[in-house]
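Scroll down for the structure; my scribbles are underneath it.
Just so it is clear, none of the values below were taken in a lab; they were calculated from the coordinates. Bear in mind that the values here come from a model prediction, so they are computed numbers and not experimental data.
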Amino acid sequence: MAAPKKGRSASAQSKPGRSLALILIAIVGLTAGMFASGHTTPRLGIDLAGGTSITLEAKSDQGSAINKANMDTAVEIMNRRVNGLGVSEAEVQTQGSRNIIVNIPKGTNSEKAREQVGTTAKLYFRPVLAQEATGAAVTASPSASASGSSSASPSPSASASGTGEKATSSSSPSASATSQGRAVTDGLKADATPSASADAGASSSASPSASASGGAVTADDAALQAKYAALDCSKESVRAKAGEGVKPEDTTVACGEIDKVWYKYLLGPAAVDGTEVDKAQAVYDTQTAAGWQVTMDFNKSGAKKFATITGQLAQNTQPQNEFGIVLDGNVVSSPYVSSSITGGQAQISGSFTQEEAQGLANMLSYGALPLSFQEQSVTTVTAALGGDQLHAGLLAGAIGLLLVVIYLVAYYRGLALVALASLLVSAALTYVLMALLGPAIGFALNLPAVCGAIVAIGITADSFIVYFERVRDEIREGRTLRPAVERAWPRARRTILVSDFVSFLAAAVLFIVTVGKVQGFAFTLGLTTVLDVVVVFFFTKPLMTLIARRKFFANGHKWSGLDPKSLGAQPPLRRTRRPGGPAAGPVETKEA
């Protein structure tokens, strides 16, 4: 009995329809998501959609050196400012050692943006008069991920330092918290800072001082009360305008984010200026295992002011024992205090991660930027110029695609249909993903990104050519089409994966080491390279398996591109019989 032959498992050869159905379902699903999101076209960058490009030069007129740390901090703060205007695709990056380039796309108030990026950031410590989550009153300070808490305790050294514990939230608001109008009115009646005679029972409103009791609310106070009541910090446009035109000595409203929830604040006049913070750094407390903390050192005048304000706040209950750290009208942290912090040193602690602690320390250290900037140039990129660039890029891509199609049809004839269908699937996936990635991660299609997509046409076509040539090599060796398709795939697959890996690696390195528009080229190149692998494995190979069952291709029609005669195929190999072997017939023997 003959030994059973090794069978082949069910694969794309036997059930190629599954792979084709999978990729088609993916295309339909992504397309439906694109229309459902309302973003049916990719977002365009400043060089295609038009906008404003501002070049700023750093000046060390505040006694600080122009170095990488200061420049990077300036970029971070400027980026926060521009995005606070509702800009979704602004670019802020350094150029050389002294310049910062700010690119703002069309649709943004360029004059307002120039004011935002061209002025020095302002950081203030303001007492919290009232605080609540947008749409719901709360009775506790923000969680430690957005703010720590401070309490006085003597340190081993001669100076006093603040240590903190995480504030806890209450699910049931107090009576004063539910009376929003009265709470804000009392806060506006109060002095600039809470006093010792504050009402201990008001836990989410300002504590009026003794002198303010029964006082009248002025028209300005009533207007601020109404502004606080109507403030909806969940809206980006509202957050950007909350602290506009506010002077340090003014009572104001502001917004702050805590655990992805936006809170609104009523804040008193600035008690300490950010310029009075000498140093702030993130440290890890290894002695008490309290985790990451932010330490602050104040200068002489700042130490006195900080001791005064913390002494006054410590006599109140939350949130009136908190001070808001306000950067450009945004509350970046609102720690509470339980006693006066003297000596010019304090610690803000809570459940900070290392990144959160370092971010807060940077804001405290450089909120009032150590560098000022002088505007060097402002360039306006018109939509017409961007449209011309986009038209030229698309024209170049169309010409490149046309040349590839002509080559495929001329050289591979009917087999070119597989390549063209694969290119269409790859193009559909690329377009839909670009449209979805715009709102998802802020991807914007700029001119270098268009160039990356054009280069990807050649990379994708190269993968098809590798596979086709492997199949044709098998036919040249005398095999029919169906086994040739399957035998050629493993070798072609290895070559395609190695080639695409090299392209993706180059794109990844380019994306990491570059900034700005060059990253658009690298991102598009990497994206299309990954899609090339997906299309070849889930569309091109299964489609080749299906067409190998068609007589037009299987019989090697001269227009199929797989004609054995035109390929110079060898005749099929036949096994020869050995002389004297079993096939030679019986052999006669004679007896001696």
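Which far-off residues, 5 or more places away or on another chain, put their amide H under 5 Å from the one on residue 278, with H placed in the peptide plane?
297, 298, 299
Whose amide H sits under 5 Å from the amide H of residue 352, counting only residues 5 or more places off or on another chain, with H placed in the peptide plane?
292
Mind listing P(r) for the range 226-341? All alpha-carbon pairs, 10 Å bins, whole percents.
12, 38, 36, 12, 1
Please list 3J(HN,Hα) in residue order for the range 445-450, calculated via the Karplus relation 6.51 cos²θ - 1.76 cosθ + 1.60 where θ = phi - 60°; whole Hz, with x for glycine and proline.
7, 10, 4, x, 5, 4
Amide H neighbours of residue 381 under 5 Å, at least 5 residues apart or on other chains, H built in the peptide plane: list them.
Those qualifying (amide H under 5 Å, at least 5 residues apart or on another chain) are 51, 52, 53.
Once phi is turned into θ = phi - 60°, what whole-Hz ³J(HN,Hα) does the Karplus curve with 6.51, -1.76 and 1.60 give for every residue of the range 294-304, x standing for Gly and Pro?
For the range 294-304, the Karplus curve yields 10, 9, 10, 10, 9, 6, 4, 5, x, 4, 5 Hz.
Evaluate 2.2 N^0.38 Å with N set to the residue count of the range 323-372, then give the Cα radius of gyration divided by it.
Working it through for the range 323-372, the quotient is 1.25.
From the phi of every residue in the range 498-514, what ³J(HN,Hα) in whole Hz does the Karplus formula 6.51 cos²θ - 1.76 cosθ + 1.60 yield, where θ is phi - 60° and glycine or proline is x?
Karplus-based 3J(HN,Hα) across the range 498-514 equals 5, 5, 5, 5, 5, 5, 5, 4, 4, 5, 5, 5, 4, 5, 6, 8, 10 Hz.
Using the Kirkwood formula on the Cα atoms of the range 283-350, what hydrodynamic radius do you get, in angstrom to one decimal?
Averaging 1/r across every pair of different Cα atoms and inverting gives 12.9 Å.
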